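**Q** Submitted below is the structure of interest, expressed as structure tokens.
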Amino acid sequence: MLGCGEEVVAVHDGGDLLQDLGVDPADLDPAPARPVPECVYTGRLVARYPCVRCGDPATVAAIAETPLGRRWVDRCMPCLVATTPRGGPPGPLEDTMAVLREAAATVGVALTVVTDEA
Ligand SMILES: [Zn+2]
């Protein structure tokens with residue numbers, strides 16, 4: 001159980017997040033200074049604020065550091081998934097295949113990979 005003084009809400013660099021969301025920080029509610037107690041975060045979720053991207057009831061609340069200060073960023077799950085970075089672009093398929101072949105050779109198993117690549 002988290003204490004009331006612990007930060008439980010994700011704090012993002014607002015520049016990239018708000019750009020991905022297409023949101024102006026001036027349109028977002030001011031968020032409290034840290035640490036944000038668990039009860040404040042839970043209260044934000046229970047209130048079901050509208051998703052800043054699509055307007056559906058939000059299921060996730062986060063805070064963005066913006067030039068205007070900390071702002072709440074409420075998102076529904078589909079918008080959270082759509083705006084969550086997943087790392088850099090994938091490497092070439094040949095690199096992935098080389099790693100798989102090496103791993104298979106290490107453990108001594110035959111490897112057959114079927115892809116839709118021509
Ligand atoms: Zn949404």
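The values are calculated or read from the model by the stated rules, or taken from the named source; none is laboratory data. Small disclaimer: the values here were computed from a predicted structure and weren't measured. Keep in mind that these areas ignore ligands, DNA and RNA; they rest on the heavy atoms of the full protein, side chains included. Shrake-Rupley method; radii C 1.70, N 1.55, O 1.52, S 1.80 Å.
**Q** On the accessible surface of region 11-82, probed at 1.4 Å, how many percent belong to carbon and sulfur atoms? Mind dumping the intermediate values first?
**A** Details: 2100 of 3790 Å².
Answer for region 11-82: carbon and sulfur cover 55 percent of the accessible area.
**Q** Can you list residues whose amide H is under 5 Å from residue 73's amide H, if they're 5+ apart or on another chain and H is modeled 1.01 Å from N?
**A** The list, which skips near neighbours in sequence, is 62, 63, 64.
**Q** Residue-wise, which Karplus ³J(HN,Hα) couplings in Hz belong to region 45-58, taking 6.51 cos²θ - 1.76 cosθ + 1.60, θ = phi - 60°, and x for glycine or proline?
**A** These are the phi-based 3J(HN,Hα) values: 5, 4, 5, 6, 4, x, 4, 5, 9, 10, x, 5, x, 6 Hz.
**Q** Next question, about the same structure. Looking at region 11-82 only, what percent of DSSP beta bridges run antiparallel? Nearest 5 please.
**A** Working: 9 of 12 bridges.
So the antiparallel bridges amount to about 75 percent of the total.
**Q** Semi-axes of region 11-82's equivalent ellipsoid from the Cα gyration tensor, sqrt of 5 times each eigenvalue, largest first, rounded to whole Å? Let's see the in-between values first.
**A** On the way: eigenvalues 54, 52, 18 Å².
Here the semi-axes work out to 16, 16, 10 Å.
**Q** Over region 11-82, with the other protein chains present, what is the accessible area per residue in square angstrom, probe 1.4 angstrom? Please report the intermediate quantities before stating the final value.
**A** Values: 3790 Å² over 72 residues.
Value returned for region 11-82: 53 Å² of accessible area per residue.
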